[in-house]
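Before any comments, here is the structure.
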Amino acid sequence: MTDATSSAPAAAPSPAQHASLLSESPRMKKRNAAETRFKMYGVIAISIGLAFLVFLAYSILRNGIPAFTQTVVNVEFTLTQEQFDDAESKLLKTAAYTDIFVEGVTAQFQEKGLNVEFDGDTIERLLGKVGGDLRTFYRENPDQIGQPVQLQLPAASRVERYLQGRLTRDMVVDGRFLEVADLDVVDVMVDAGIIGSAFDWNFITGTDTGVDNPGGAGIGASVIGSFFMMLVVLLLSLPIGVAASIYLEEFAPKNKFTDLIEVNISNLAAVPSIVFGILGLAVFIQFAHLPQSAPLVGGLVLTLMTLPTIVISTRASLKSVPPSIRDAALGVGASKMQAVFHHVLPLAMPGILTGTIIGLAQALGETAPLLLIGMVGYVAREYPDGLTSGLLDPNSAMPAQIYTWAARSDEAFFEKAWGGIIILLIFLLTMNIIAIILRRRFERRW
Amino acid sequence: MEDMIHVDRAMSTQQDIKISARKVQVYYGDTHAIKDVDVDIDDKTVTAFIGPSGCGKSTFLRCINRMNDTIDVARVEGDILIDNEDIYDAKVDPVQLRAKVGMVFQKPNPFPKSIYDNVAYGPKIHGLARNKAELDEIVERSLSKAALWDEVKDRLDAPGTGLSGGQQQRLCIARAIATAPEVLLMDEPCSALDPIATAQVEDLIDELRQSFSVVIVTHSMQQAARVSQKTAFFHLGNLVEYDATDKIFTNPQDPRTESYISGRIG
């Protein structure tokens with residue numbers, strides 16, 4: 001280094017003509033500074049994007065995770081044979097069971113030195129219809145009579161929110177759902193150490209409930225609804241989309257008419273989805289008289305929406321197959337169709353699959369068109385009992401269910417909506433992973 | 001120039017005319033790419049098309065197996081007869097024509113399939129083999145003819161795209177001859193190859209002359225001199241001169257040909 005620098009002036013008597021390579025010229029400095037600045041902009045842009053992503057993931061998880069757990073009251077309870085016979089002989093059987101339960105729990109509290117007065121109505125407000133559940137349990141398991149039984153009773157959503165500190169005593173106005181005195185009982189239960197939490201399988205597998213029971217609401221039925229819609233979308237849009245693309249790209253004459261079709265397909269991809277919704281309402285429900293809120297109609301509407309995406313991505317991947325492959329196939333005397341199906345299509349497959357799955361993922365998360373065909377707001381209380389029923393019976397879909405929950409006045413549904421978003425994101429993530437795996441697998445076949 | 005022509009190729013006296021072109025015009029949209037080309041190409045002969053870039057030699061070559069049909073704006077006029085049949089007749093199916101007139105492209109373009117499938121594809125779609133044994137035989141014969149059999153016989157299941165450039169081009173030649181064509185068109189087959197691979201392909205072309213009429217487009221005048229018996233010189237869409245190769249290179253009639261082969265134009 002020292003040699004080079006010391007000899008540089010000697011070797012370059014006129015610096016203007018023979019600039020040393022070891023020092024940056026002013027122009028080079030400017031160019032390097034511009035490059036550094038540009039890289040900085042990029043890093044800043046990515047950082048902002050990542051920050052938003054992290055914030056989004058954090059708030060979704062923070063708000064959504066509670067939807068997967070549920071506050072439960074763990075009680076050890078023993079029913080004697082006499083109590084059973086006594087309750088069964090009464091006219092109001094479930095009320096009798098509730099009274100027995102109240103007696104038993106009060107006795108347990110007193111053992112621990114806790115005193116609180118409460119009746120069956122309180123228990124029903126706090127823990128739901130305990131009496132009926134107990135009766136069903138003992139009638140089905142008569143051998144458990146006389147044995148101590150561990151009961152895990154889900155607490156009402158208001159109890160849950162009271163325990164989380166989101167509901168205070170002065171917020172309680174409507175005595176139908178909760179009275180202020182009930183909260184004293186809750187306090188005692190906390191002191192007794194019988195309140196815990198458990199994973200709420202019902203949220204994943206259950207069906208929607210009415211507006212008065214946020215705790216029991218589950219997303220299961222709408223997952224099935226979404227599944228049937230995606231089935232319709234996949235079965236219709238993949239063959240139609242791929243066939244249309246192959247025809248347009250490889251066979252159709254290039255003229256004004258096909259240009260017009262091409263422009264329209266590109267424009268369709270940008271049409272707001274609610275337009276497809278109103279189209280679906282007019283064509284499928286009002287004209288074709290298909291049932292309202294049916295996943296079949298939802299799937300048809302979403303097919304219309306997904307088709308342009310699939311056509312565009314399929315055409316792009318067909319275009320990206322090198323023309324030399326077509327030449328090669330035609331050169332050995334393959335017909336156009338043989339060239340396309342034997343050589344071009346296999347090479348375009350990864351792109352087609354990726355486009356299709358992205359289109360499906362888009363359709364899975366679409367809410368606006370479902371608003372208009374009646375899937376939003378439909379309370380999916382039942383599971384379909386087969387393929388026909390799955391397609392034709394009214395149901396909801398995941399995004400529609402989330403929208404419905406978020407629109408309900410009871411705050412407890414918000415947490416369900418966030419939880420629903422987590423489930424939806426898990427499905428989307430799975431679909432994207434499948435897309436990546438399929439692409440890898442097909443690309444490996446050189 | 002003399003030293004380039006190291007083989008004195010004696011023209012056999014009685015040559016059958018395989019391809020005969022009369023007043024061929026090709027238009028790309030408004031561009032008149034080929035003007036009034038008349039040429040008779042002999043059977044079992046290597047014919048070279050030379051000329052500067054953009055002179056239309058590849059375009060004319062692609063007319064002979066109607067590959068220009070795949071270009072929407074291309075329009076061909078005039079007559080091209082193969083064995084006295086007009087290949088642009090409405091009754092001719094270009095797909096059937098291309099089985100008879102094979103083509104090797106400038107860039108090696110093997111299918112992204114196995115070496116075996118590359119060669120077997122043509123015979124399969126044309127139904128040239130009744131069973132697997134026959135197909136195996138066609139594949140072996142074609143690869144042997146293309147001087148590739150010894151190099152690949154142990155890895156016929158390997159991807160054709162994994163071969164070296166020269167091997168890929170010979171694979172493409174094997175693929176082209178597997179359908180038993182009568183004419184083999186080669187569009188600058190050696191432009192992407194190194195000198196060793198070029199020499200192998202040139203030897204191969206000389207051998208293929210036994211069975212086919214070979215038409216080769218080349219940028220290299222040395223190559224034209226080495227492999228061909230007849231040479232056609234194209235310039236700006238015109239066929240300037242067409243004669244025996246040694247005559248073109250030693251005693252060109254047209255001043256444009258002379259300028260080109262002595263390196264003054266092109």
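The values are calculated or read from the model by the stated rules, or taken from the named source; none is laboratory data. What you are looking at is a predicted structure, and each value in this text was computed from that prediction instead of being measured. Because the Cβ atoms are built from the backbone with ideal geometry, glycine has one as well, and the counts that use them run over all protein chains shown.
Please state which of the following conditions A:Met375 fails to meet, knowing it meets all the rest: (1) buried (at least 17 other Cβ atoms within 10 Å of the Cβ); (2) more than 17 Å from A:Leu296 (Cα to Cα).
The single condition A:Met375 does not satisfy is (2).
Only one of A:Asp212, A:Asp259, A:Asp208 is over 16 Å from A:Ala67 (Cα atoms), outside the structural domain of A:Tyr383 (by TED's automatic domain parsing) and not hydrophobic (A, V, I, L, M, F, W, C); which?
A:Asp212
For B:Arg141, which of the numbered conditions (1) modelled with pLDDT of 90 or more; (2) within 21 Å of B:Val201 (Cβ to Cβ); (3) within 11 Å of chain A (Cβ to nearest Cβ) fails to hold?
Looking at each condition in turn, B:Arg141 falls short on (3).
Pick out the one residue from B:Leu204, B:Leu171 that is of a type outside the set (Ser, Thr, Tyr), touching a residue at least 40 places away in the same chain (Cβ under 8 Å) and more than 14 Å from every other protein chain (Cβ to nearest Cβ).
B:Leu204
For segment A:199-215, how many residues meet the condition of being in contact (Cβ under 8 Å) with a residue 60 or more places away in the chain and part of a loop (DSSP other than H, G, I, E, B)?
Matching residues across segment A:199-215 total 7.
Tell me, yes or no, whether segment B:217-225 has at least one residue that is more than 19 Å from the chain's Cα centre (by Cα) and at pLDDT below 90.
No, segment B:217-225 has no match at all.
Among the residues of segment A:324-377, what is the count of those that are assigned to a helix (DSSP H, G or I), more than 7 Å from every other protein chain (Cβ to nearest Cβ) and of a type in the set (Gly, Ala, Ser)?
The number of residues fulfilling the criteria is 9.
Name, by its number, the condition in (1) buried (at least 24 other Cβ atoms within 10 Å of the Cβ); (2) without any contact (Cβ under 8 Å) to a residue 60 or more places away in the chain that does not hold for B:Ala197.
(1)
Looking only at segment A:49-77, how many residues end up being of a type in the set (A, V, I, L, M, F, W, C), over 16 Å from A:Glu160 (Cα atoms) and more than 20 Å from the chain's Cα centre (by Cα)?
Count: 4.
Counting only residues that are part of a helix (DSSP H, G or I) and polar (S, T, N, Q), which one in segment A:110-154 is nearest to A:Ser197 (Cα to Cα)?
A:Thr122
Looking only at segment B:53-64, decide whether some residue is over 30 Å from A:Ala252 (Cα atoms), touching a residue at least 60 places away in the same chain (Cβ under 8 Å), touching a strand residue (DSSP E or B) at 6+ places or on another chain (Cβ under 8 Å) and surrounded by fewer than 21 Cβ atoms within 10 Å (Cβ to Cβ).
The answer is no; no qualifying residue exists.
Looking at segment B:101-115, is at least one residue assigned to a helix (DSSP H, G or I), more than 21 Å from the chain's Cα centre (by Cα) and buried (at least 17 other Cβ atoms within 10 Å of the Cβ)?
Yes; the residues of segment B:101-115 include at least one that is assigned to a helix (DSSP H, G or I), more than 21 Å from the chain's Cα centre (by Cα) and buried (at least 17 other Cβ atoms within 10 Å of the Cβ).
Looking at A:Ile278, A:Ile265, A:Ile240, which is the one that is touching a helix residue (DSSP H, G or I) at 6+ places or on another chain (Cβ under 8 Å), modelled with pLDDT of 95 or more and assigned by TED's automatic domain parsing to the domain that holds A:Ala363?
Of A:Ile278, A:Ile265, A:Ile240, the one residue that is touching a helix residue (DSSP H, G or I) at 6+ places or on another chain (Cβ under 8 Å), modelled with pLDDT of 95 or more and assigned by TED's automatic domain parsing to the domain that holds A:Ala363 is A:Ile240.
Within segment B:42-74, can you find the residues that are among the charged types (D, E, K, R) and within 14 Å of chain A (Cβ to nearest Cβ)?
Those that are among the charged types (D, E, K, R) and within 14 Å of chain A (Cβ to nearest Cβ): B:Arg62, B:Arg66, B:Asp69, B:Asp72.
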